[in-house]
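The values are calculated or read from the model by the stated rules, or taken from the named source; none is laboratory data. These figures come from a predicted structure and were not determined experimentally. We place every Cβ from the backbone using ideal geometry, glycine too, and count neighbours over all the protein chains shown. We work out accessible area using only protein heavy atoms, side chains counted, and drop any ligands, DNA or RNA first. Shrake-Rupley method; radii C 1.70, N 1.55, O 1.52, S 1.80 Å.
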Amino acid sequence: MTYHPLAVRTQGLTKRFRTQVAVNAVDLAVPTGAVYGFLGPNGSGKTTTIRMLLNLISPTAGTHELLGVPAAAALSKVGSLVEGPAFHPYLSGRDNLRRLDAADRTADGATAATRIDGALDRVGLLPAARKRYRAYSLGMRQRLALAATLLQPRELLILDEPTNGLDPQGTREVRSIITHLAAEGSTVMLSTHLLSEVEQICTHVGVMHLGKLVAQGSIEAIRGRTAPTARVDTSLPGQAAATLRGLGLTDVAVGEEHATGLLGPIAPEKVVAALVGDGVPVRGFAVQRPDLEELFVTLTGEGFDVSG
Ligand SMILES: Nc1ncnc2c1ncn2[C@@H]1O[C@H](COP(=O)(O)OP(=O)(O)OP(=O)(O)O)[C@@H](O)[C@H]1O
């Protein structure tokens, strides 16, 4: 395995459908080892981008590389879930994988059984391997689709809305598999319209809005863009506010039983020490950042679905 710092890299990637620009000059940078959440509301261009990455449609303009090389040269190391594979309802999960594996001319027939059960095991479907596909829950069906992408070793997984349509249990199952796959060393790029999904399983995020990538980076770095607020719970909020102002906090506000202020570069422990030193009875102290949702609403002018 050759190491490339970016598992997915695009420059100026653009797709125009007649008059509509569905994807507009997108520069993606998915670091190797990341779980990258490709976040955006429906219609923002995620699927179109993913289809271009996988060479399923050709870009109007721009370039893309997977694993450091042009996509065509990397696709054998890339697992994807875009339109799930067609499974046969009357065959078992295992037999469905057998069919898919047999159709892969690069796969070694002698090791098929090990490979298939290995893939079933990784998605936790081994106990249900003999069940017919039609008896599978939606979550199990999606897990089988993931297993199908894992029949070959993959350095990169590109998953389009992998939890879409699943019930909470199925969603949890699929998220946990994604986390495991990432822990085993695969880079994962997944599209989603759920901010909560990004917060739960992603290390990085790229935010799409009307075909444009409006923000991208590690969750930590993106959170870091927001100014932290110190909040003091106290019976003497006026006095607390005076201390905060004295230390140089800005936007200091007084509530009924609390005071808040923007921390800036001031260390939280210094604030606590000053409050205590000034005799402010501190009942609680917290450093809060506006959550990602507030930040993304600012970036895109619209909210994200936070359920799920
Ligand atoms: N084959 C096509 N022909 C014309 N327009 C298309 C085509 N495919 C996508 N579009 C348009 O491009 C825009 C982006 O669609 P896309 O499916 O990429 O968005 P998305 O973010 O993946 O949303 P969703 O989650 O709904 O799939 C939409 O306005 C869509 O109608």
- Query: Can you give the FRET efficiency for Val69 and Ser196, using 1/(1 + (r/R0)^6), R0 = 30 Å, r = Cβ-Cβ distance, to the nearest 0.05?
  - Reply: 0.30
- Only Lys, Arg, Asp and Glu count, each charged at its Cβ (+1, +1, -1, -1), so figure out the dipole size of the range 1-129 about its Cα centre, rounded to 20 debye. 360 debye
- Message: Could you tell me the relative contact order of the range 70-138? Use alpha-carbon pairs under 8 Å, at least six residues apart, and round to a whole percent.
- Response: 43 percent
- Note on the structure: Excluding residues fewer than 8 positions from Lys270 in its own chain, the aspartates and glutamates with Cα under 20 Å of it are Asp233, Asp251, Asp278
- Query: Separation between the His180 and Thr298 pseudo-spin-labels, each 7 Å from Cα along Cα→Cβ, expressed in nm?
  - Reply: 3.9 nm
- Over the Cα atoms of the chain, compute the convex hull volume and normalise it per residue, giving Å³. 166 Å³
- How much length is gained on full extension from Val214 to Asp291, taking 0.36 nm per residue of separation minus their Cα-Cα distance? 26.0 nm
- Message: Roughly how far apart, in whole Å, are the Cα centres of the range 225-300 and the range 158-210?
- Response: 34 Å
- Item | For the range 10-140, convex hull volume per residue from C-alpha positions, Å³ | 151 Å³
- Per residue, what volume in Å³ does the Cα convex hull of the range 157-216 take up? 84 Å³
- Which value at 222 nm does the chain reach when only helices count, each DSSP H run of 4 or more adding -39,500 (n - 2.57), with the total divided by all residues and rounded to the nearest 500 deg cm²/dmol? -10000 deg cm²/dmol
- Accessible surface of the chain, 1.4 Å probe, proportion on carbon and sulfur as whole %: 52 percent
- Task: Under 24 Å Cα to Cα from Lys15, which lysines show up? Leave out anything in the same chain fewer than 8 places away.
- Result: Lys46, Lys212
- Task: Quick one: go through the range 31-59 and flag any residue whose amide nitrogen is under 18 Å from the point 7 Å out along the Cα-to-Cβ line of Ala221.
- Result: 31-39
